[in-house]
1. Would you check which residues across the stretch 83-94 are under 26 Å from Arg70 (Cβ atoms) and exposed (fewer than 12 other Cβ atoms within 10 Å of the Cβ) and list them?
2. Which of the following residues is surrounded by 14 or more Cβ atoms within 10 Å (Cβ to Cβ) and part of a loop (DSSP other than H, G, I, E, B): Glu170, Glu153?
3. Answer yes if at least one residue in the stretch 18-32 is charged (D, E, K, R), under 29 Å from Glu149 (Cβ atoms), out of contact with any Ser or Thr (no Cβ under 7 Å at 6 or more places or on another chain) and buried (at least 17 other Cβ atoms within 10 Å of the Cβ), and no otherwise.
4. Going through Glu46, Glu12 one at a time, which residue ends up being part of a helix (DSSP H, G or I) and modelled with pLDDT under 90?
Amino acid sequence: MAQLYTGSARAEDASAAETAAARALAVDGLKLAQANNCAEAVPKLERAEKLYHSAVVASRLGECYVSVGRLVEGTEVLRKVLREPQPADAPASFAKAMERAQRVLDSAKPRIAGLTVKVAAVTDMRVKIDGNVLQSALVDTEMPTDPGEHTVEVSAPGFLKSGSRITLAEGEKKSVTLTLTRDPNAVIAPVAPVDAVAPRPTAAPVANDSAPAREAAAPPAPVVKREPNRTPAYVSLGIGAAAVAAGGVLGLMTMQEHKDLQGRCPNDVCGPTEQGDLDAAKRLGNFSTIAFGVGGAGLVLGTVLFFTAGSHEVDDHAQAAPKRKLAGLSDPRIALGPTHIQLAADF
């Protein structure tokens, strides 16, 4: 049939059975439309268009929408059809159908009414026009609306539903204002003040609040391996070795002086002339003893420091916290005197 020529039909998307069914529905719908029975033609044309698009069928459907008072929907269908490219080999009947669609569109546009719904926005508010939800972005905006009677309602949790009925003439522009009133029977959850201080979460009971238990519960801190510092050990060993060497030299000198004095002091009795040499020999002996004592203490301390300066691990707070004991020994101290040496440490 010439009046079913489309030029842009989705033939590749429809099966043969669907195409045949669409053709039968379209023929019946077009016959009804030509007989000015659009009320019965619309359902058939809608089903035919869903199965197989035809510009002729779609234009007739748009015209019938306008005829039954669905101006907004009809004009949109006609605009879409008229924007489609027309094939160069379209028959004259197709061109006449497009001309008729343009005339219907031009005559229907001024008849479309306008409705603006105004309402103070609240949380979860829902506005409906004739049972259809109105997008929140379209509230307080003029909506193209079919002439006739319409029902507008708004609802929100905790509020009483508000509604209104309004009648629009062709081309008339109106607005309706709705007010939401709180429902006195609605249960309202208590709201905490903005400046209220949130309660601190209650800590779970701890069976043992001792320091070891708290340390065990705390996550392990990252540890850093550090090389042992044996500088104090080397210094102490060096001092000890030097002092022992000095004590040995002084001891040899003392022995030499003592040997000389034995030849000049029979029976270990010295005269006044040898008294100065005897005092010098005693001083050398004392210095030798002190040097040996210092050297021995230095060697002992150096040995202790060497073996207690093993590698250790510190956590991230080691730099800010006091130094910890290493291998059971910390803060070694040495005190020297003319006649004594003292080694001390905290264990």
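1. If the condition is that a residue be under 26 Å from Arg70 (Cβ atoms) and exposed (fewer than 12 other Cβ atoms within 10 Å of the Cβ), then Arg83 is the only one that fits.
2. Glu170
3. no
4. Criteria check complete, one pass: Glu12.
The values are calculated or read from the model by the stated rules, or taken from the named source; none is laboratory data. In this text, all values refer to a predicted model and were calculated from it rather than measured experimentally. With ideal geometry, Cβ positions are generated from the backbone for all residues, glycine too; neighbour counts draw on all protein chains shown.
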